[in-house]
Amino acid sequence: MYAMADWFSPLGIEASTLGYVAFTSLRNYESIPLKTITSLIFSEVMSDVDLVVSIAHVQGLDPEQSHSSIEMRAALAKESARLFKFGNIELKEYNMLIKGNLGDYNIHSGSGNINKNELFLSILPVHSQHRCHFFLPFIDDDSKSAEIISKMKLLAEDNEPLWNPSP
């Protein structure tokens, strides 16, 4: 795995970002073509990558705090859906199930990962989030919560235009 990180940024607050996953030979460190990787090996590696992305934290949180963060995000999503008057969102454990007009979505409350009709959907937040936050006046400075709630709102209203300029 290759992770992009700005460890020496002036503010020192940028988190690392997973750049890519590559398979290389341990004998000569040359790249191995993806089509030659067995499905079992690929599945195991992707499972490990999923754990890194969804469980690991740069904020120094211990596992108990991580579990409570996920529960808090689920509660926040439930209340936000009620306030937004979204009738197309169902919460099951750590997942937000959204029935949109363009598909069915599943957002994980821990990682913010999205599946649409069983396929991974990549909706990325603005890089360098400290420069432009989605403001939630009733929540702490957990940027992942803001990211998840903004994705929930976007997908619950997937038939609405993203930007509607004034005539």
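Taken together, the values in this text are just the output of simple stated rules run on the coordinates, not laboratory data. Because the structure is a prediction, the values reported are computed rather than measured. Backbone-built Cβ (ideal geometry, glycine too); neighbour counts: all protein chains shown.
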Taking 7 Å along the Cα-to-C-beta vector as the label spot, tell me the SER111-VAL52 distance in nanometres, rounded to one decimal. 1.2
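Would you mind checking LYS92/LYS153; LYS35/LYS92; LYS35/LYS151; LYS35/LYS153 for any pair whose Cα atoms are more than 29 angstrom apart?
Values: LYS92/LYS153 17 Å; LYS35/LYS92 36 Å; LYS35/LYS151 33 Å; LYS35/LYS153 38 Å.
Pairs exceeding the cut-off: LYS35/LYS92; LYS35/LYS151; LYS35/LYS153.
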Can you list the HN-Hα couplings for the range 68-80, worked out from phi with the Karplus curve (6.51, -1.76, 1.60; θ = phi - 60°), rounded to whole Hz and with x for Gly and Pro? 5, 5, 5, 5, 5, 5, 5, 5, 4, 5, 4, 5, 5
Starting at the first residue of the range 22-35, write each ³J(HN,Hα) from the Karplus equation 6.51 cos²θ - 1.76 cosθ + 1.60 with θ = phi - 60°, in whole Hz, x for Gly and Pro. 10, 9, 10, 6, 6, 7, 10, 6, 8, 5, 9, x, 4, 5
Rough spin-label spacing in nm, given labels placed 7 Å along Cα→Cβ, for LEU91 and ALA75: 0.9
